[in-house]
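See below for the structure under consideration.
The values are calculated or read from the model by the stated rules, or taken from the named source; none is laboratory data. Keep in mind the model is a prediction, meaning the values are calculated, not measured. Note: ideal-geometry Cβ built from the backbone for every residue, glycine included; neighbour counts use all protein chains shown.
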């Protein structure tokens, strides 16, 4: 199903999902699922996340107009990662993101965990904003992750903060397949 011209014409906003609560990537995936159902072409670049072990990667293989590309080292499983490796992977992610945003190929581009990359000093808000400014018309963008810089909040059209109230981690319950990854 191809999207109608009115749907595509109304795209082009910048959304941010941030906060210490669970659900930022899940919200991105919900939006990706909705957009793909309307025939929009969706790309999710995942900063700081490895290539294997995430359920969303398996599900995306079943949806023809949804592409997920992990762009990080394995932090979640305790692998020792150097800052140089993180910087190099973030630069490569930024290069791919800029290319995708400029191409006009994607209606929705999700930069999952890019906020964390900025919070860790691996990318700057100025570089991210410059990249967003260079995007093709009518390309919707979502930036997710904790620690979103004020400059990004000011730039964005929508900012949603997930607030942590209670989490199973507090009871010693670790990440579960199919729920957290």
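Before moving on, here are some points about what is shown:
- Counted residues, region 149-181 - those being in a loop (DSSP other than H, G, I, E, B) and touching a strand residue (DSSP E or B) at 6+ places or on another chain (Cβ under 6 Å): 2
- Residue within region 48-65 that is in a strand (DSSP E or B), modelled with pLDDT of 90 or more and surrounded by 14 or more Cβ atoms within 10 Å (Cβ to Cβ) present: no
- Residue check, residue 101 modelled with pLDDT of 95 or more, crowded, with 23+ Cβ neighbours inside 10 Å and either touching a helix residue (DSSP H, G or I) at 6+ places or on another chain (Cβ under 9 Å) or farther than 15 Å from residue 32 by Cβ (or both): no
- Scan region 1-30 for residues that are in a helix (DSSP H, G or I) and either under 18 Å from residue 105 (Cβ atoms) or touching a helix residue (DSSP H, G or I) at 6+ places or on another chain (Cβ under 6 Å) (or both) and the total you get is 5.
- All conditions but one from (1) farther than 30 Å from residue 2 by Cβ; (2) without any contact (Cβ under 8 Å) to a residue 12 or more places away in the chain apply to residue 99; the one that does not is (1).
- Selected residue (criterion: farthest from residue 35 (Cα to Cα)) from residues of region 111-166 that are more than 17 Å from the chain's Cα centre (by Cα) and in contact (Cβ under 8 Å) with a residue 40 or more places away in the chain: 165
- Scanning region 167-181 for residues that are surrounded by fewer than 13 Cβ atoms within 10 Å (Cβ to Cβ), closer than 17 Å to residue 28 by Cα and in contact (Cβ under 8 Å) with a residue 12 or more places away in the chain gives a single hit, 178.
- Subset of region 112-133 [touching a helix residue (DSSP H, G or I) at 6+ places or on another chain (Cβ under 6 Å) and either closer than 12 Å to residue 46 by Cα or not in a helix (DSSP H, G or I) (or both)]: 112, 117, 122, 123
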